[in-house]
Ligand SMILES: [Zn+2]
C-alpha cells in the first residue's frame, strides 16, 4: 500500500471500519515516511475473515480449503464443482453480512452443513463427521434426524 504522496511502501493503520455494507473495509493509513494520511478500501474477497479455532488459535479464512473440504465430502456424489462454488459463494456472502470479520471454525462448519443438508445427505454426513467431531452417538443420530426432516 504505497503512500500516494511520497511512494513509501510502509504505512500504519490509524482507523478501520466496515464499508460498502460490510463488503469492504475502509482504512485510514498514515505513511511512516512523510506522515501523509490516506484512505484505502480493501475488498473482503481477498483476505476476508479470521477463523478462530477451539484451541484459541486462529488462521485466515481460505476459500480453497473450504472448497476442498466440501469437495471431499461430495466425492462420488452427483454434485458438480459449480454447485460447490455456489455454496462457498453463499457462505462468503453470509459471512460478509456479519459486522465482525471473525468466525469460529465451529460456526463455519455449521454454516457449511446447513447448505449441504439441502444438497446431499451423504455429503452432509461426511462433512459433519469431520467437522463436528461427534462426541457421542446421540449427536450423530440428532444429525441424522435433522437431515431426514
Ligand atoms: Zn508518504
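The values are calculated or read from the model by the stated rules, or taken from the named source; none is laboratory data. Please read all numbers here as calculations on a predicted model, not as lab measurements. No Cβ is skipped: glycine too gets one built from the backbone with ideal geometry, and neighbour counts run over all protein chains shown.
If you take the residues of segment 35-59 that are within 16 Å of the ligand (Cβ to nearest atom) and surrounded by 13 or more Cβ atoms within 10 Å (Cβ to Cβ), which of them is nearest to the chain's Cα centre (by Cα)? It comes out as 40.
Test residue 55 against the stated conditions and say whether it is assigned by TED's automatic domain parsing to the domain that holds residue 112 and part of a loop (DSSP other than H, G, I, E, B). Yes, satisfied. What are the pairs with Cβ atoms under 6 angstrom where one residue, in segment 60-72, is surrounded by 12 or more Cβ atoms within 10 Å (Cβ to Cβ) and the other, located anywhere, is at pLDDT below 85? Sequence gap at least six, or different chains. Pairs found: 61/48; 61/49; 61/51.
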